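Here's the structure we're looking at; comments come further down.
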Amino acid sequence: MSDKSAGTAKLYKETLIAGLWRENPVFRLLLGMCPTLAVTAAVKPAVTMGCCVIFVLLCSNIVVSLMRNLLKPHLRILMFTLTIATFVTIADLFLKAFVPGMSEALGPYVPLIIVNCIIICRAEACASKNTLGISIIDALGMGAGFTLTLCVLAGVREILSTGAVWEVAILPAGFVPWAAMRMPVGAFITLGLLLALVNALTKKKT
Amino acid sequence: MDTLGILLAGFISIVLINNLVLTKFLGICPYLGVSGRIDMAFGMGMAVTFVVTLSGTLTWLIDHLILMPMGLEVTRYVCFILVIAGAVQLVEMYVRKFFPSLYESFGIFLPLITTNCAILGLCLFINLWGIDNLLEAVVLSFGAGIGFTMAICIMAGIRENLNLADVPDCLKGAPITLITAGLLTLAFMGFAGMIR
């Protein structure tokens, strides 16, 4: 019995770590690129976005995992989408009520979480096949991995475009901001270079 | 004449200046995934244009005729995604029945379109910009599709040539595509300010 529970604990830990690095949704699986590029001009909106995604991912994984035995194969995707849309509405209304400024800044990218491939992918690949425990851990790992990636990307862009992180200046006053980093160009090129870096790092290890 | 001017300005603005892919980051997944060959890119673009025009119009109608008068704005996202999924299903069945040859070439892309954020994104932007004219909503939706097709075809053309280039090992695949996309965005920034 203790052997079995130790095995489960190991499985949980592995699932959690997989989301952070080995199966990192953005760097390794190339999922959810739209919000990754759109909300990473600064760290603050990136963290907010990450929290929203974690919340939606967690709730939808829980619900999908609970109803996995009732799902009919051909209606599966529709049920996932409706579940996700419901939780996204909750998150959106919450943001509008408690942090209206942030809700304004993120604009339509909060409702766009509905079509974020990470969430549908996890519902399909993990929650519809696994028990509640694994699904929750998986959601946390994947969500944390996604948030971390957003923060790295946003951090690089915010430092270079304003010389600050979380709106606190850290570079000396003589620094000339790179306006391009705030624009779409900066998003594409930074993400491209970060992906190249991740590729180079993983190649060396194997 | 005045209406025509507004419609034309809106169309040009959504194709070139506010291009959904290059300035709003919508529809990046197919933009990176399906842009390997130019004929496939064009097929995807056409399918998206068709669905986005249909769902942009339908969601505008539903929003203004059903949700707003009844005060059901809370359910907007759920309704929108249902409409889009329904439109995709409808288009798929229609094309399969009446244009089998077209279905052969579209086939794989159609189900993918449901989760293409360009479509839901456009419906949300129409709502956000407060478009209160059906004709304008139709023109904007159509323009968004054309803009997507243009962006993905340019990208596919570049990538076909990129295959012959000697790219550093760690940049192969997605990274170089993203950097190319970045440079393309830079080119499109030249259109900014063309129309106020």
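With the requirement that a residue be in a helix (DSSP H, G or I) and within 11 Å of chain B (Cβ to nearest Cβ), what does segment A:104-116 give you?
A:104, A:107, A:108, A:109, A:111, A:112, A:113, A:114, A:115
Contact list please: Cβ distance under 8 Å, first residue in segment B:164-179 and loosely packed, with under 13 Cβ neighbours inside 10 Å, second residue among the charged types (D, E, K, R), pairs at least six apart or on different chains.
B:169/A:203
Across segment B:87-117, what is the total count of residues that are at pLDDT below 75, surrounded by 18 or more Cβ atoms within 10 Å (Cβ to Cβ) and more than 14 Å from chain A (Cβ to nearest Cβ)?
The number of residues fulfilling the criteria is 2.
Could you tell me which residue of segment A:156-180 is farthest from residue B:17 (Cα to Cα), considering only residues that are at pLDDT below 80 and either in a helix (DSSP H, G or I) or at the interface with chain B (Cβ under 10 Å from one of its Cβ atoms) (or both)?
Checked segment A:156-180; the qualifying residue farthest from residue B:17 (Cα to Cα) is A:179.
Looking at B:26, B:82, B:72, which one is within 14 Å of chain A (Cβ to nearest Cβ) and crowded, with 18+ Cβ neighbours inside 10 Å?
B:26
Please go through segment A:35-71 and pick out each residue that is more than 18 Å from residue A:148 (Cβ to Cβ) and among the charged types (D, E, K, R). Explain how you work it out, then say what you get.
Start the filter on segment A:35-71 by keeping residues that are more than 18 Å from residue A:148 (Cβ to Cβ), which leaves A:59-71.
Result: A:68, single match.
In this structure, is residue A:18 buried (at least 20 other Cβ atoms within 10 Å of the Cβ) and not β-branched (Val, Ile, Thr)?
No: the conditions fail for residue A:18.
From the list B:154, B:131, which residue is in a loop (DSSP other than H, G, I, E, B), out of contact with any His (no Cβ under 8 Å at 6 or more places or on another chain) and at negative phi?
Among B:154, B:131, only B:131 is in a loop (DSSP other than H, G, I, E, B), out of contact with any His (no Cβ under 8 Å at 6 or more places or on another chain) and at negative phi.
Please go through segment B:157-196 and pick out each residue that is part of a helix (DSSP H, G or I), more than 10 Å from chain A (Cβ to nearest Cβ) and of a type in the set (D, E, K, R). Outline the logic, then answer.
Of segment B:157-196, the ones part of a helix (DSSP H, G or I) are B:157-162, B:169-171, B:174-191.
Now drop any that are not more than 10 Å from chain A (Cβ to nearest Cβ), which leaves B:157-162, B:190-191.
Within segment B:157-196, B:159, B:160 meet the criteria.
Within segment B:29-38, can one find any residue that is in a helix (DSSP H, G or I) and under 11 Å from residue B:140 (Cα atoms)?
Among the residues of segment B:29-38, not one is in a helix (DSSP H, G or I) and under 11 Å from residue B:140 (Cα atoms), which makes the answer no.
Among the listed residues B:53, B:49, which satisfies the condition of being in contact (Cβ under 8 Å) with a residue 12 or more places away in the chain, more than 14 Å from chain A (Cβ to nearest Cβ) and surrounded by fewer than 20 Cβ atoms within 10 Å (Cβ to Cβ)?
None of the other options fit; the residue is B:49.
Against the conditions (1) more than 30 Å from residue A:9 (Cα to Cα); (2) surrounded by fewer than 18 Cβ atoms within 10 Å (Cβ to Cβ), where does residue A:161 fall short? Just the number, please.
(2)
More than 13 Å from every other protein chain (Cβ to nearest Cβ) and surrounded by fewer than 17 Cβ atoms within 10 Å (Cβ to Cβ) - does that describe any residue in segment A:117-130?
There is at least one residue in segment A:117-130 that is more than 13 Å from every other protein chain (Cβ to nearest Cβ) and surrounded by fewer than 17 Cβ atoms within 10 Å (Cβ to Cβ).
Yes/no per residue for (1) of a type in the set (D, E, K, R); (2) within 19 Å of the chain's Cα centre (by Cα); (3) farther than 21 Å from residue B:76 by Cβ:
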{"position": "A:43", "(1), (2), (3)": "no, yes, yes"}
{"position": "A:57", "(1), (2), (3)": "no, yes, yes"}
{"position": "A:60", "(1), (2), (3)": "no, yes, no"}
{"position": "A:79", "(1), (2), (3)": "no, no, no"}
{"position": "A:90", "(1), (2), (3)": "no, yes, no"}
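Can you find a residue in segment A:125-134 that is at pLDDT 85 or above and under 18 Å from residue A:30 (Cα atoms)?
No, the conditions are met nowhere in segment A:125-134.
Determine if segment A:184-193 includes at least one residue that is within 14 Å of chain B (Cβ to nearest Cβ), among the hydroxyl-bearing types (Ser, Thr, Tyr) and touching a Lys or Arg at 6+ places or on another chain (Cβ under 9 Å).
Within segment A:184-193, one or more residues are within 14 Å of chain B (Cβ to nearest Cβ), among the hydroxyl-bearing types (Ser, Thr, Tyr) and touching a Lys or Arg at 6+ places or on another chain (Cβ under 9 Å).
Among the residues of segment A:42-62, which ones are over 19 Å from residue A:100 (Cβ atoms), touching a residue at least 40 places away in the same chain (Cβ under 8 Å) and either touching an Asp or Glu at 6+ places or on another chain (Cβ under 7 Å) or of a type in the set (A, V, I, L, M, F, W, C) (or both)?
Listed by number, the residues that qualify are A:43, A:53, A:54, A:56, A:57, A:58, A:61, A:62.
Could you please let me know if residue A:101 is over 26 Å from residue B:80 (Cβ atoms) and either away from chain B (no Cβ under 12 Å) or in contact with an Asp or Glu (Cβ under 8 Å, 6 or more places away or on another chain) (or both)?
No.
The values are calculated or read from the model by the stated rules, or taken from the named source; none is laboratory data. What you are looking at is a predicted structure, and each value in this text was computed from that prediction instead of being measured. Cβ sites come from the backbone with ideal geometry, for glycine too, and all protein chains shown count toward neighbours.
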